Structure formats: C-alpha cells, structure tokens
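Since the structure comes first, as structure tokens, the remarks are kept for the end.
The values are calculated or read from the model by the stated rules, or taken from the named source; none is laboratory data. As the structure is a computational prediction, the values presented were derived from the model and not from experiment. All Cβ positions, even for glycine, are placed from backbone atoms using ideal geometry, and neighbour counts span all protein chains on display.
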Amino acid sequence: MTPLNSIKYSLFSSNDNLVISEEGHPRSLFTRMAGDIGTQLRARVDCADSEKLWLVAVASPVHFAAAVVGCWMAGVTPVLSADLQMDTLRDLSMRLDGILCDDALGDSGVPTINVVQMAFAANASDDAIQQIANPEFSAEQTALVLFTSGSTGKKKRITKPFLSIFEEIKNLENVFGREVNGLPRRSTVSHFHIYGFLFNIMWPLHCGHTLSTPWTFYWEQILSDLVGKACIVSSPAHLRVLSNLACQYPFHWRDSVIFSSGGPLDRSVALEIFATTGIVPAEIFGSTETGGVAVRRQSPDAPTPFTPFCGVQVRRNDMEGLEVRSPWIDTGEGWVETGDRIEMDEFGAFYLRGRYDMMVKIAGKRVSLTEMENALREMPEILDVRVFQYCNRATESREVLAAVIVPRQTPVPTAGAAKRQTVQLLKDKLKRRFDLVAMPRYWRFVKTLPVDAQGKVTIGLLEEVVQNGG
C-alpha cells in the first residue's frame with residue numbers, strides 16, 4: 001500500500017493552458033492570481049507551525065478559486081462557512097487568523113484581504129503570464145476546513161485532506177465527465193458548501209471544464225442567460241419550482257445535465273421535470289462528512305434506489321441504518337454511520353426510508369419526527385412540512401415540538417380563525433397516530449420552507465419562522 005505522504009495531486013489534470021471561465025481567464029493567469037494571493041498571505045501570517053485558518057468569503061467563482069489555491073500555495077488552510085451572517089462571523093472569528101473576501105464584511109476582529117481589489121497580474125510580464133504552473137499537494141495534508149450547521153443548527157468543524165478532495169473529483173469525472181464536458185455551468189447552490197465547492201469549483205478547475213458563473217436563487221436568471229445546453233447544479237428545494245418555468249424558455253434541455261444534492265428529490269418533482277424537459281436529474285446522495293456516496297436517476301416506471309459509486313461500500317446496521325466506507329472519507333479507513341434508515345436490494349443499491357436519529361422524547365414519550373412529518377405529508381391539505389424540537393427559553397422550561405407547514409391552500413392561514421381551524425383539523429388527524437402530549441405546540445404556515453444558500457432547511461431558519469410568528 002502506497003504511503004499517503006508519498007501521494008501527490010496536481011491542481012490540473014493536464015498542463016494545457018485552458019480557459020477556465022466564461023470571462024476568458026486562462027489557467028496561466030489564474031495561477032498567477034493565486035500566486036499573488038499566496039504572496040500576500042505569506043506576508044501576513046506567522047511563520048510558526050501552528051495551524052493557520054483563513055475564511056474564504058468570496059462570491060466570484062474565479063476569485064474564490066484563486067483565493068483557495070492561494071491559501072494552499074502559502075501553507076494556509078482555507079475555511080468555508082455555510083453562511084456569512086454577522087453572528088456566524090463573530091463566532092468563527094475566535095478560530096480564524098484572517099478573512100479573504102470581495103466585499104466589506106464589517107468588523108470581524110481579524111485581518112482581512114479584499115482579493116478583488118488586488119491588481120491581479122496587471123504588471124506581470126508576458127513571460128510570467130505564459131508560464132504554466134501546476135502546483136502539487138500531498139494527500140495527507142489538510143486541504144479544507146468547513147464549519148457547517150447541517151440539520152442541527154450547531155456549527156460543526158469538518159476537515160478534508162487533499163486525498164478526499166481529489167479522489168472525489170476524479171470519481172465525478174469518471175462517472176459524468178463525458179456528459180458535462182464543454183457545457184457552460186450554472187448553479188443555484190453556493191461554493192461555500194462542499195457540494196458547490198466540488199461541483200462548481202474543484203471538478204471543473206481540475207478536469208478542464210469551465211467554472212460556474214456566480215450562483216443565484218432565480219431560475220429566470222439562469223434560463224434567460226442561456227441559449228443552448230448547460231450543466232446545472234441545484235438542490236431539491238430549488239428544483240421543486242423548475243418544471244413550472246422550464247417550458248417558458250428556449251433551452252436545449254435534452255442535451256443538458258441537472259445535478260441535485262442536499263437531500264432526496266421527491267419522486268413527483270423528478271417526474272414533473274422529466275415530463276417538462278425530457279431529462280431526469282442525477283441525484284447525488286452524500287453529506288459534508290462522507291462526500292458523495294451514491295447516485296440515482298429516478299425512473300418513471302418504478303421507485304429507483306441509490307447505487308453506490310465505484311469503490312464506495314455500504315451496509316445496513318442493526319438499526320436499519322446506513323454505514324459507509326469510501327476512498328474519499330479521510331483515509332478511507334473504517335465505517336461512517338450516516339443516521340439514514342435504508343432498505344437494500346439484492347444488488348447492493350439502497351432506498352432511503354427516513355432518518356432513525358430523528359427520535360426525540362416529549363414529556364417522556366418517544367416520538368419519531370420522520371413519522372410525524374410523513375403523516376402530515378399524507379394529508380391532502382399539506383404540500384410540505386418540517387417538525388422539530390423547539391424551546392422558547394423566555395416562557396418554557398422544556399422542549400416541545402414545532403411544525404412549519406407549506407399548505408396547499410392560498411392564502412396561507414397565518415392568523416385568526418382560518419389558522420385555528422386548520423390547526424385543529426391537522427391535530428385531529430394526528431391524534432389517530434400520536435399521543436396528545438406529542439402534538440406540536442407551535443404551528444406556522446408559510447408559502448415555502450426557508451432555505452439557506454445551499455438550498456437546505458436548517459433548524460436555525462425554522463426557529464426564526466417560529467420566533468417571528470410566520
């Protein structure tokens with residue numbers, strides 16, 4: 001077995017001086033940009049051996065990529081945060097040595113470098129621009145630190161070595177490279193999350209595809225910007241509304257590719273997209289901790305399981321939960337428990353059956369949040385729902401349940417008699433399956449579930465809805 005400290009990964013898979021963005025940046029200019037950032041970082045960081053962490057908070061994909069590579073060149077560890085809210089920055093500032101940004105972030109309390117204001121290669125000689133650099137990185141060294149909230153709302157630190165990053169993008173290229181080669185890339189997810197980082201930045205940068213344009217929530221902006229086929233990186237929350245808009249734009253859907261990650265895509269949504277566009281999204285199942293685990297394209301004929309990527313091993317434990325072993329989970333040793341309940345077929349593929357770690361105790365009674373959500377979704381009055389534990393510290397001494405619901409009816413019953421009647425109707429139906437003490441105490445009705453920049457519904461966003469009385 002080859003020792004990890006002897007394995008090196010080149011930033012680019014070839015030494016060709018390819019154009020890496022729709023703005024026309026060649027690789028040679030890009031590496032000069034990254035080198036300039038690295039030079040500034042080396043001048044700003046302590047030479048001590050202690051870990052040096054710089055948050056990369058740059059919206060432009062090209063400048064973001066240059067900032068990340070500049071960190072690597074300077075021996076600095078780039079940090080990604082799922083959001084850049086001031087409270088988040090204040091919490092992170094105690095762990096950071098500095099911030100690379102492209103906009104004013106307020107007083108973060110740590111050194112800041114605005115990478116867009118730097119005169120990238122403006123005074124570089126022709127020889128410097130033409131010199132193609134291809135940096136190499138050791139497999140075992142830390143490539144990235146992420147602080148992600150996941151579904152709990154609490155920041156969790158996750159470290160990714162270069163092995164994890166490059167082995168996963170090599171897999172993406174092997175599986176999907178022919179489909180996406182030459183396609184312009186658009187995205188509704190940000191590169192501050194590992195999914196967007198891999199699909200929109202590292203995969204195209206390493207393999208010679210063009211980087212994504214800046215991400216946007218708005219399909220109208222994506223579709224009106226294109227006249228031909230494209231590679232679209234999205235999430236279930238954003239894809240839910242795609243079919244209603246897709247037919248309005250002269251777009252070459254059948255030659256395009258749609259990726260979805262961040263949660264399972266509802267079968268009804270996948271089939272609506274297929275009916276409208278003639279293509280089915282490629283769903284990537286995984287997490288920040290595991291990276292990509294499996295893929296599926298849902299069939300109109302029958303429910304479709306997730307098929308593990310080549311080299312990824314999956315098994316079901318005694319709790320019917322999914323465990324994963326993968327070449328791109330740290331060093332690939334040991335099994336990682338995901339918290340997902342699964343059913344495996346005879347070929348080693350698996351169906352998701354909810355999460356077994358969503359069991360809570362309310363007044364001493366065990367309640368499955370997944371079961372309650374599914375029971376509510378079965379009701380014709382409800383389009384979507386999230387149920388979670390919540391505690392109003394000002395008035396309550398224990399946690400209760402709260403439900404944030406997207407109803408089918410309009411207008412949304414946010415207050416008054418209409419809300420009371422709807423809540424009573426839902427409670428009456430839930431009483432057939434759940435104890436009275438397990439009933440949600442807080443009921444909020446919204447037009448759409450709140451999502452972050454990655455299209456994820458987080459506990460923090462749901463708590464804001466409850467607190468605001470939405």
Can you name the residue in the stretch 384-410 that is of a type in the set (A, V, I, L, M) and either at pLDDT below 90 or outside the structural domain of F434 (by TED's automatic domain parsing) (or both) and, of all such residues, is surrounded by the most Cβ atoms within 10 Å (Cβ to Cβ)? V400
Residue pairs, Cβ under 7 Å, 6 or more apart or interchain, first in the stretch 90-112 and at positive phi and part of a loop (DSSP other than H, G, I, E, B), second modelled with pLDDT under 80 and surrounded by 18 or more Cβ atoms within 10 Å (Cβ to Cβ). List them. none
Return the total of residues in the stretch 292-329 being assigned to a loop (DSSP other than H, G, I, E, B) and out of contact with any Lys or Arg (no Cβ under 8 Å at 6 or more places or on another chain). 14
Selection within the stretch 394-442 - in a helix (DSSP H, G or I), under 18 Å from N468 (Cα atoms) and touching a residue at least 24 places away in the same chain (Cβ under 8 Å): K419
Exclusive hit being modelled with pLDDT of 95 or more and either surrounded by fewer than 19 Cβ atoms within 10 Å (Cβ to Cβ) or out of contact with any strand residue (DSSP E or B) (no Cβ under 8 Å at 6 or more places or on another chain) (or both), set R325, R297, R316: R297
Does at least one position in the stretch 224-232 carry a residue that is at pLDDT 90 or above, within 23 Å of P450 (Cβ to Cβ) and buried (at least 18 other Cβ atoms within 10 Å of the Cβ)? yes
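State yes or no: is V189 over 24 Å from S13 (Cα atoms), buried (at least 21 other Cβ atoms within 10 Å of the Cβ) and touching a residue at least 40 places away in the same chain (Cβ under 8 Å)? Spell out the reasoning first.
On the way: over 24 Å from S13 (Cα atoms): yes; buried (at least 21 other Cβ atoms within 10 Å of the Cβ): yes; touching a residue at least 40 places away in the same chain (Cβ under 8 Å): yes.
So V189 fits the description; yes.
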From the options Q467, Q424, residue that is at pLDDT 90 or above, more than 28 Å from R267 (Cβ to Cβ), exposed (fewer than 15 other Cβ atoms within 10 Å of the Cβ) and out of contact with any Phe, Trp or Tyr (no Cβ under 7 Å at 6 or more places or on another chain): Q424
Residue within the stretch 39-55 that is within 24 Å of V189 (Cα to Cα) and out of contact with any strand residue (DSSP E or B) (no Cβ under 8 Å at 6 or more places or on another chain) present: no
Let me spell it out: the conditions are (1) within 22 Å of T288 (Cβ to Cβ); (2) assigned to a helix (DSSP H, G or I); (3) in contact with a Gly (Cβ under 9 Å, 6 or more places away or on another chain), and V189 meets all of them except one. Which number is the exception? (2)
Answer with yes or no whether E289 is out of contact with any Gly (no Cβ under 6 Å at 6 or more places or on another chain), in a loop (DSSP other than H, G, I, E, B) and of a type in the set (D, E). yes
Within the stretch 270-286, track down each residue that is crowded, with 21+ Cβ neighbours inside 10 Å and part of a helix (DSSP H, G or I). A270, I273
Restricting to the stretch 368-383, name every residue that is assigned to a loop (DSSP other than H, G, I, E, B) and either without any contact (Cβ under 8 Å) to a residue 40 or more places away in the chain or crowded, with 19+ Cβ neighbours inside 10 Å (or both). E378, P380
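Yes or no, residue by residue, for (1) assigned to a loop (DSSP other than H, G, I, E, B); (2) over 19 Å from V295 (Cα atoms); (3) in contact (Cβ under 8 Å) with a residue 60 or more places away in the chain; (4) of a type in the set (K, R):
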{"position": "N200", "(1), (2), (3), (4)": "no, no, yes, no"}
{"position": "P214", "(1), (2), (3), (4)": "yes, yes, yes, no"}
{"position": "H238", "(1), (2), (3), (4)": "no, no, yes, no"}
{"position": "S243", "(1), (2), (3), (4)": "no, yes, no, no"}
{"position": "Q248", "(1), (2), (3), (4)": "yes, yes, no, no"}
Kindly evaluate K170 against the criterion of being modelled with pLDDT under 95 and of a type in the set (D, E, K, R). no
Counted residues, the stretch 247-269 - those being crowded, with 18+ Cβ neighbours inside 10 Å and over 20 Å from F199 (Cα atoms): 2
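Does any residue of the stretch 278-295 turn out to be under 26 Å from E22 (Cβ atoms) and over 19 Å from the mean Cα position of the chain (by Cα)?
yes
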Looking at V233, V227, which one is free of Cβ contacts under 8 Å to residues at least 60 places away in the same chain, of a type in the set (V, I, T), assigned to a loop (DSSP other than H, G, I, E, B) and outside the structural domain of A143 (by TED's automatic domain parsing)? V227
